[in-house]
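Quick notes on the structure that follows.
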Amino acid sequence: LDPTKLKARQFSKSTAPVSKKADNSLWTETPAERQQRLADEVSGKKRRAVDTKVDEEPSDEKKRRRMDEEVIRKGVDDYTQKLRGPALVAQHEASGKAAEKDKEDLGIWDHSRDMLLGGHLMDDS
């Protein structure tokens, strides 16, 4: 084995990607900093720290993206419905209704159906 080509044999130390834009000041602030922050929020100098978002998009951008995603989703659904046809559940429900209609038409006694029970009583079903 070539020792220069060995890879790490441990799990990754961090499980989530590190977000450099995250604000951790609320976790580390001192009581004096907290009092100053609250005073600034009340006076309107700063926005509330809880309400600030890191990746905030303009509302027009969000609306446009949502509309684009909806159009794409509708197109995919239409294409899938046209290509595949009805769902398997719908097919089984339709075949079950047809079988129930056939059972009703047979009447009380059907030799081929009732003699296939193999000696079991009819109440044991």
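The values are calculated or read from the model by the stated rules, or taken from the named source; none is laboratory data. This is a predicted model, so every value here is computed, not measured. Here Cβ is always computed from backbone atoms with ideal geometry, including for glycine, and neighbour counts include all displayed protein chains. For the accessible areas, the whole protein counts, side chains as well, though only heavy atoms, and no ligand, DNA or RNA atoms are used. Shrake-Rupley method; radii C 1.70, N 1.55, O 1.52, S 1.80 Å.
Hey, does the range 39-56 have a residue that's open to solvent by 90 Å² or more (accessible area, probe 1.4 Å), modelled with pLDDT of 85 or more and assigned to a helix (DSSP H, G or I)? Within the range 39-56, one or more residues are open to solvent by 90 Å² or more (accessible area, probe 1.4 Å), modelled with pLDDT of 85 or more and assigned to a helix (DSSP H, G or I).
Would you call residue 68 farther than 30 Å from residue 23 by Cα, surrounded by 10 or more Cβ atoms within 10 Å (Cβ to Cβ), modelled with pLDDT of 95 or more and not polar (S, T, N, Q)?
Details: farther than 30 Å from residue 23 by Cα: yes; surrounded by 10 or more Cβ atoms within 10 Å (Cβ to Cβ): yes; modelled with pLDDT of 95 or more: yes; not polar (S, T, N, Q): yes.
Yes; evaluated as a whole, the condition is true for this residue.
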